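To keep things clear, I will list the structure first and then write my remarks on it.
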Amino acid sequence: SFSHDGRLVVSGSYDQKVIVWSPKTGAPLHRLVALNGRGYHTAPLTCISVHHDKPIMVTGAEDGSTWLCSLAKGSSKPLKPLTEHKQSVEAAEFCKVLDLVMTASSDGTIHISDVTNGALRTKVEHGGAITRALWHPKAPAIVAAGTDTLVVVWDARNGNVVREFKGHADAVLALAIASDGSAVVSGGDDSTVAVFDVKGA
């Protein structure tokens with residue numbers, strides 16, 4: 001992923017490290033790694049999301065751990081851990097409407113946390129293992145999908161279901177949302193692609 005200003009590139013790996021690179025030179029600038037098993041992830045990285053206008057990022061790993069980190073040329077480092085999941089983190093993303101960050105896991109939960117202090121604000125129980133989750137671009141809502149074959153729109157403020165879509169006969173493996181938030185496209189293990197109208201969600 002690129003930093004919000006396009007001046008840095010960040011990658012995460014099975015080796016439990018996050019590396020911040022210079023896209024201009026290709027040289028590594030910073031390495032985020034646990035020291036003596038503490039202070040950062042101790043399991044392979046599964047996802048990274050960069051904030052859209054702040055020099056921060058969120059990272060998730062196979063063991064359910066999630067961290068907020070700084071992302072700057074002068075200093076990139078772990079800032080604070082977020083509430084852990086019980087299984088692998090499959091998605092992480094910052095909200096563009098409120099100062100919130102979302103992490104979603106194969107344990108079937110979505111954690112919505114405050115970006116400023118890292119405190120857990122809302123916990124959602126999806127019902128099945130989550131494979132993909134995205135913020136709605138225009139509302140404080142999360143679109144999530146997983147092994148239960150459903151695509152669900154959740155209100156991030158209270159954890160309530162806003163809309164629930166059915167259309168797949170097997171696990172949903174891919175998810176995308178239109179830039180105006182009007183439609184969601186999902187791809188399933190049943191070899192089908194579905195388009196759902198989410199206007200008013």
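Tabulated results
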read-out: Length-normalised contact order for the stretch 93-201 - Cα pairs under 8 Å, 6+ apart - percent; value: 17
read-out: Computed over the chain: relative contact order in percent, which uses C-alpha pairs under 8 Å that are six or more apart; value: 10
read-out: Reachable lysines, given that their alpha-carbon falls under 30 Å from the alpha-carbon of K54 and they are not under 8 places away in the same chain; value: K17, K24, K73, K77, K80, K86, K96, K123, K138, K199
read-out: Inter-label distance for L35 and D180, nm, one decimal - labels placed 7 Å from Cα along Cα-to-Cβ; value: 5.1
read-out: Local electrostatic count at A171 - Lys and Arg +1, Asp and Glu -1, tallied over other residues with Cβ under 11 Å; value: -3
read-out: Over the chain, volume per residue of the alpha carbon convex hull, in Å³; value: 117
read-out: Spin-label model distance (nm) - A27 vs T42, 7 Å beyond Cα toward Cβ; value: 3.4
read-out: Residue with peak Gaussian network fluctuation, the chain [Cα springs, cutoff 10 Å], from L29, L45, L68; value: L29
read-out: Between the stretch 1-45 and the stretch 133-201, the alpha-carbon center distance in angstrom; value: 30
read-out: Cut-off 10 Å between beta-carbons: net charge of the residues surrounding H126, Lys and Arg +1, Asp and Glu -1; value: -3
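Readers should treat all values here as calculations from the given coordinates under stated rules, not as data from a laboratory. Remember, it's a predicted structure, so these values are computed and weren't measured experimentally. No Cβ is skipped: glycine too gets one built from the backbone with ideal geometry, and neighbour counts run over all protein chains shown.
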